[in-house]
Amino acid sequence: MQTFTIAIHGGAGTILRSDMTPELEQEYLAALDCALAAGYAVLEQKGSAIDAVTAATVVLEDHILFNAGRGSVFTKQGRHEMDAALMDGSTLGAGAVTNIRNLRNPILLASRVMRDTQHVFLSGDGAMEFAREQKLPFEADDYFFSQTRYEQWQSVCHTDRVLIDHTNEYKDEFPDKKFGTVGAVACDLHGNIAAATSTGGMTNKQWGRIGDSPIIGAGTYANNATCAISCTGHGELFIKAVAAYDVSCLIEYRGLSLQEAMQVVVHEKLVRIGGEGGMIGVDAQGNHALLFNSEGMYRGVQNSAGLKETGIYK
């Protein structure tokens, strides 16, 4: 019997129990539960992995706690610029978008790029023109506003510094800061797998900066023959490591298991170049792994064998 599985993440970084109030912890866990439930319901109803990861990611984008969609960080210009990608492991179909503004759910636009265009990656004005053609919902600036995100931006907007949520460099300034990027991976009843990732990027980012999340092979990858991966961390380092595809390569060329391959990338290759963060993965047998080299990662997993877990800390 094929095991079907969904795993999610809401970012990784310096997430310490000592910095978290019981109320905030429960809010995070409840949000992770909602996203898991949305994705798992699709799989339980014999839906596809690609639809399951999309459903889970939409829930995370809609929640203000996470740096994606509604809770996205501020750029140098005081705007919200969002990125997203997804990939279908059964077809190698992929869709990605970057520098998206005011769109409620960037992951839905990435899905339309994959399904309804001849392209993989759309950016900026062209991507938003396509979103309007597709009649996807847009929201006013205040929908995306988060007081904590605004205060983070105000502390550095007069400088050229960026705030990377995934490191502890600014921990003393923002002890209760939120952590960026959301994602989901799934294996469905037919053994097809998929991955999705969405993010608001870095606080005070400039010049239309693009991180790893929307880059196929860096922050997002899926192939039925190997694995589906969604990453979260310091994007520049994940791009340099081609982190998501590297897991696939280790499975394909060295015969490693999902867990072994992710272990090599997260705890060896990324660590060597200073890449802090984590990733979630599934394979076509429904196996899963959720690994991170930071203090914590908002995460959850549920499968048809009866497993259901959410977690935050190491």
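All of the numbers you see were taken from the coordinates with simple rules; none came from a lab. Just so it is clear, the structure is predicted and the values come from calculations on it, not from any experiment. Backbone-built Cβ (ideal geometry, glycine too); neighbour counts: all protein chains shown.
Descriptive notes on the structure:
- Single residue of region 286-314 satisfying the filter (small (Gly, Ala, Ser) and under 24 Å from Asn192 (Cα atoms)) that is surrounded by the fewest Cβ atoms within 10 Å (Cβ to Cβ): Gly306
- Within region 187-204, restricting attention to residues that are over 13 Å from the mean Cα position of the chain (by Cα) and over 18 Å from Gly233 (Cα atoms), the residue that is surrounded by the fewest Cβ atoms within 10 Å (Cβ to Cβ) is His190.
- For region 249-277, the candidate set comprises residues that are of a type in the set (A, V, I, L, M, F, W, C) and not in a helix (DSSP H, G or I); within that set, the residue that is surrounded by the fewest Cβ atoms within 10 Å (Cβ to Cβ) is Ile273.
- If you go through region 180-201 and pick out every residue that is farther than 23 Å from Gln302 by Cα and either touching a Lys or Arg at 6+ places or on another chain (Cβ under 7 Å) or part of a strand (DSSP E or B) (or both), you end up with 1.
- Those residues of region 102-121 which are more than 19 Å from Gly183 (Cα to Cα) and surrounded by 15 or more Cβ atoms within 10 Å (Cβ to Cβ), in sequence order: Asn102
- Ala225 being surrounded by fewer than 24 Cβ atoms within 10 Å (Cβ to Cβ) and not in a strand (DSSP E or B): yes
- Sole residue being under 19 Å from the mean Cα position of the chain (by Cα) and hydrophobic (A, V, I, L, M, F, W, C), chosen from Leu24, Leu60: Leu60
- Within region 205-222, tally of residues that are farther than 19 Å from Leu258 by Cα and surrounded by fewer than 24 Cβ atoms within 10 Å (Cβ to Cβ): 6
For (1) free of Cβ contacts under 8 Å to residues at least 24 places away in the same chain; (2) surrounded by fewer than 24 Cβ atoms within 10 Å (Cβ to Cβ), each residue gets a yes or a no:
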{"position": "Ala30", "(1), (2)": "yes, yes"}
{"position": "Ala35", "(1), (2)": "no, no"}
{"position": "Gly39", "(1), (2)": "no, no"}
{"position": "Gln45", "(1), (2)": "yes, yes"}
{"position": "Ile50", "(1), (2)": "no, no"}
{"position": "His63", "(1), (2)": "no, yes"}
{"position": "Asn67", "(1), (2)": "no, no"}
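- Lone qualifier among Asp283, Asp246 - being without any contact (Cβ under 8 Å) to a residue 60 or more places away in the chain, surrounded by 18 or more Cβ atoms within 10 Å (Cβ to Cβ) and among the charged types (D, E, K, R): Asp246
- Only residues that are of a type in the set (Gly, Ala, Ser), more than 15 Å from the chain's Cα centre (by Cα) and under 24 Å from Ala186 (Cβ atoms) were counted in region 258-288, giving 3.
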